[in-house]
Amino acid sequence: MLKELSISDFMQKLSSSDPTPGGGSAAALAAWQGSSLIIMFCGFSLGKEKFKQYEAVLQKADKEARTLAEQLKKAVDEDTEAVDQVMKAFRLPKETDQEKSERKAAIQKAMRRAAEVPLTVSKNCLSLLNICQDIVDKGNPNSITDLGVGCLLAHSAMEGAILNVKINLSSIKDEDYVNNLSQQIRNLKAEANAIKSDVLAKVEELI
């Protein structure tokens with residue numbers, strides 16, 4: 001599995017001419033890194049007398065970030081698996097009318113999965129950004145740039161994941177489904193942009 005590879009081995013696979021792993025898995029990995037930095041920021045403050053008044057908030061943030069980290073770690077492989085299923089569907093036989101019909105249905109099913117995995121990553125990224133906003137002024141300022149980088153990674157990962165949602169939606173024939181997911185990613189992006197700006201402004205103040 002990709003998530004078990006060393007950093008060097010993962011990067012070697014990512015830079016190969018093979019179609020997977022690609023941008024979707026890379027986005028999930030970036031978000032996973034972001035969650036790790038958020039956990040790090042919490043760890044710098046938890047149990048410290050100076051930040052005792054924020055202990056409950058930081059504990060909640062730490063717990064939520066750890067849960068998201070596990071989900072994002074799984075998504076590194078899930079995205080590649082979803083793309084592999086799309087390619088598998090395109091290789092199905094198409095000689096008879098029945099084969100053509102079955103192939104078409106398989107492609108559409110695989111495309112939905114390939115859109116939904118990065119959509120979930122996008123939603124998890126927004127959750128990470130919300131955590132950053134909750135704790136940016138409640139933890140150890142000596143680690144504030146770690147939180148800032150975590151915020152940037154989560155935001156960039158969301159942008160990348162959304163690109164992968166869009167490219168798969170372009171091949172899906174169900175108009176209602178496409179419109180629904182398209183609206184979701186517009187809403188996610190708007191909310192994420194506002195949160196990122198707020199968090200980074202506070203990070204700059206604390207540096």
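The values are calculated or read from the model by the stated rules, or taken from the named source; none is laboratory data. Just so it is clear, the model here is predicted, and its values are computed rather than measured. FYI the Cβ positions are ideal-geometry reconstructions off the backbone, even for glycines, and counts take in every protein chain you see.
Points to keep in mind about this one:
- Within the set M158, M111, the sole residue that is hydrophobic (A, V, I, L, M, F, W, C), at pLDDT 95 or above, farther than 30 Å from M40 by Cβ and in contact with a Ser or Thr (Cβ under 6 Å, 6 or more places away or on another chain) turns out to be M111.
- Of the residues making up the range 145-190, those that are of a type in the set (S, T, N, Q), out of contact with any Gly (no Cβ under 6 Å at 6 or more places or on another chain) and closer than 30 Å to Q133 by Cα are T145, S156, N179, N180, S182, Q183, Q184, N187.
- Total residues in the range 107-150, condition of a type in the set (A, V, I, L, M) and either in contact with a strand residue (DSSP E or B) (Cβ under 7 Å, 6 or more places away or on another chain) or farther than 22 Å from N164 by Cβ (or both): 6
- A Cβ distance below 6 Å, combined with a sequence gap of six or more or placement on separate chains, defines the contacts here; from the range 101-126, residues that are within 17 Å of D79 (Cβ to Cβ) reach residues that are buried (at least 19 other Cβ atoms within 10 Å of the Cβ) and of a type in the set (D, E) in the pairs V117/E78; V117/D79.
- Among the residues listed as V149, V199, the single one being under 19 Å from I38 (Cα atoms), more than 16 Å from the chain's Cα centre (by Cα) and touching a residue at least 24 places away in the same chain (Cβ under 8 Å): V199
- Every pair of residues 6+ apart whose Cβ atoms lie under 7 Å, when the first sits in the range 24-42 and is in contact (Cβ under 8 Å) with a residue 40 or more places away in the chain while the second is among the acidic types (D, E) and surrounded by fewer than 24 Cβ atoms within 10 Å (Cβ to Cβ): L37/D146; M40/D146; F41/D146; C42/D62
- Candidate set from the range 154-195 (those that are surrounded by 15 or more Cβ atoms within 10 Å (Cβ to Cβ) and under 10 Å from L126 (Cβ atoms)); member that is farthest from the chain's Cα centre (by Cα): I195
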